[in-house]
Amino acid sequence: LFIPSGIPFSPRPGGGSALYDAVASALCHLRASKNPRQAVIVVTDGVDQYSRITLEQLMGLVRSSRAQLFMIGLESRPDFNMKDHAQPRLTLITGRDIDNPVVVFDRLMKESGAESFIPDSERGLGAALKAVSNMLESEYTLAYYPEKTSTNFRKIEVKVDRRGGDVRTP
């Protein structure tokens, strides 16, 4: 798998970004697309310090979008372990409160029907990108439209007869 040379595995110290604004911009650009299959792959340290929109505003955009958001988190500092924090907000050394990147990744991927990854090496980054590629190559979309005259509840069961396959709903 080719890893673009523009993705540094070790982000610069003191990172931070306008992650929510960037994802919102990507989703807005995709609205003009006629392609029903849409995916956004975000490689970031997840530390949003500069966005104009809030996480809740971004979640609204994600809900109204067809795109899947694949989040790949690169830890901005080796001494900060994102995986071991479960609280929704974190306080940085500077005293600034931020949304916990792990919680953000989890919410975004669940809402969009995708996955999130937090690799711990360049090899792990390659594996995460390969996993995203495999998921996108093997996806199918199923739709069910009941008769308009029917008001009865219908139970729908989807089974996958493929090793490693699973069923997901956004």
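The values are calculated or read from the model by the stated rules, or taken from the named source; none is laboratory data. This one's a predicted model, so the numbers in the text were calculated from it and none came from an experiment. Every residue, glycine as well, gets a Cβ built from its backbone with ideal geometry; the counts of neighbours run over all protein chains shown. We work out accessible area using only protein heavy atoms, side chains counted, and drop any ligands, DNA or RNA first. Shrake-Rupley method; radii C 1.70, N 1.55, O 1.52, S 1.80 Å.
Computed values, structure above
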item	result
Per-residue ³J(HN,Hα) for region 116-125, Karplus 6.51 cos²θ - 1.76 cosθ + 1.60, θ = phi - 60°, Hz, x for Gly and Pro	10, 9, 10, x, 10, 7, 5, 5, x, 4
In Å², nearest 10: area of Glu56 left accessible to a 1.4 Å probe	110 Å²
Theoretical FRET efficiency, 1/(1+(r/R0)^6), r = Cβ-Cβ of Leu92 and Thr54, R0 22 Å, to 0.05	0.80
Pair Gln38, Asp166: separation of 7 Å Cα→Cβ label points (nm)	2.5 nm
Inter-label distance for Tyr140 and Arg31, nm, one decimal - labels placed 7 Å from Cα along Cα-to-Cβ	3.3 nm
Sparse-neighbourhood loop sites, trypsin sites (Lys or Arg not before Pro) in region 94-144 - DSSP loop, at most 16 other Cβ within 10 angstrom	Arg96
Cut-off under 5 Å, modelled amide H: who pairs with Gln68 long-range	Gln38, Ala39, Val40
In Hz, Karplus ³J(HN,Hα) per residue of region 24-40 (6.51, -1.76, 1.60; θ = phi - 60°; x = Gly, Pro)	4, 4, 4, 5, 5, 5, 6, 4, 7, 6, 8, 6, x, 8, 9, 9, 10
